[in-house]
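S.K.: Shown below is the structure under consideration.
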Amino acid sequence: MPRRFALRAAAIGAASALVVIGAASSASAHVSVSSPDAKPGGYAKLVFRVPTESDDTSTTKLVVSLPTDHPFAHVGAQVKDGWKVEKKETELPAAVKVGDVTLTKAITMVTWTATAGGIPANDFDEFALSVGKLPEGVDSLSFPAEQTYSDGEVVKWADVAKDGADEPEHPAPVLKLTAAVTPVAATTSTDSSDTVARWLGVGGLVVGLLGLAFGLRSRRPVAVAGEKQ
């Protein structure tokens, strides 16, 4: 009886794990954006990961919209074999100051179109942009995207996730920005190391002087019995 109960519990646990894994896989299978070096006020490489969620069609086109409230003064698109890339520049609703430059127009859309094959069924590919400068005082940036399949279907990844709510069915790619780390800790560590080294040096000097004094004292001649001092 205990053995049968253990087997049943193991089976239930395995089934639950499969359900969780399946849910995580389906939730993460969408167009997403990441960056190895994004930080406020700097330049960054943005990487858009595009999976083909189909068993019999391929991805033939990707359109990425760039923010107009925080436009980039520079946008460079990755050139990929088998893909044609186009950048669209438009007038901004209002002038925006980016660093030392005031922008009245900016690149607001980048499109990659497959010239042969595209992204096969159940596979993925990555598309990169070099952008800058990233805005300061902003926690994240949204990049709505459109994915076109070889059968003509267009999936719009543009839903905005709300706090406390489940992830929407077609969430827009969102890049989280991390503030730059100041070298305060490194400076403090260096100062502390210098202080410790200084005190160790002083301590060593004191020990050396004490040793010298003790040595000189031990070398004084010892009086012999009967000898006149």
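The values are calculated or read from the model by the stated rules, or taken from the named source; none is laboratory data. Just so it is clear, the model here is predicted, and its values are computed rather than measured. Using ideal geometry, Cβ is built from the backbone for each residue, glycine included, and neighbour counts are taken over all protein chains shown.
S.K.: Can you tell me which of (1) over 20 Å from the mean Cα position of the chain (by Cα); (2) closer than 18 Å to LYS133 by Cα; (3) touching a residue at least 40 places away in the same chain (Cβ under 8 Å) is the one VAL96 doesn't meet?
M.R.: The one condition VAL96 does not meet is (3).
S.K.: Continuing with this model, one more query. When the residues of the range 28-51 are narrowed to those that are at negative phi and out of contact with any strand residue (DSSP E or B) (no Cβ under 8 Å at 6 or more places or on another chain), which ends up surrounded by the fewest Cβ atoms within 10 Å (Cβ to Cβ)? Steps first, answer last, please.
M.R.: Here is the first cut: in the range 28-51, the ones at negative phi are 28-40, 42-51.
From what is left, the residues that are out of contact with any strand residue (DSSP E or B) (no Cβ under 8 Å at 6 or more places or on another chain) are 28, 39-40.
Details: SER28: 11, LYS39: 15, PRO40: 16.
Filtering the range 28-51 for residues that are at negative phi and out of contact with any strand residue (DSSP E or B) (no Cβ under 8 Å at 6 or more places or on another chain), the one surrounded by the fewest Cβ atoms within 10 Å (Cβ to Cβ) comes out as SER28.
S.K.: Confirm whether PHE124 is over 19 Å from GLY42 (Cβ atoms), touching a residue at least 24 places away in the same chain (Cβ under 8 Å), in the same structural domain as PRO71 (by TED's automatic domain parsing) and of a type outside the set (D, E, K, R).
M.R.: On the way: over 19 Å from GLY42 (Cβ atoms): yes; touching a residue at least 24 places away in the same chain (Cβ under 8 Å): yes; in the same structural domain as PRO71 (by TED's automatic domain parsing): yes; of a type outside the set (D, E, K, R): yes.
Taking the combined requirement at face value, the residue satisfies it.
S.K.: Right, here's the next one. Look at LYS80 and say whether it is surrounded by fewer than 17 Cβ atoms within 10 Å (Cβ to Cβ) and not in a strand (DSSP E or B).
M.R.: Working: surrounded by fewer than 17 Cβ atoms within 10 Å (Cβ to Cβ): yes; not in a strand (DSSP E or B): yes.
In short, yes.
S.K.: For the structure I just gave you, tell me whether VAL75 is under 24 Å from the mean Cα position of the chain (by Cα), of a type in the set (Val, Ile, Thr) and modelled with pLDDT under 95.
M.R.: Values: under 24 Å from the mean Cα position of the chain (by Cα): yes; of a type in the set (Val, Ile, Thr): yes; modelled with pLDDT under 95: no.
No; evaluated as a whole, the condition is false for this residue.
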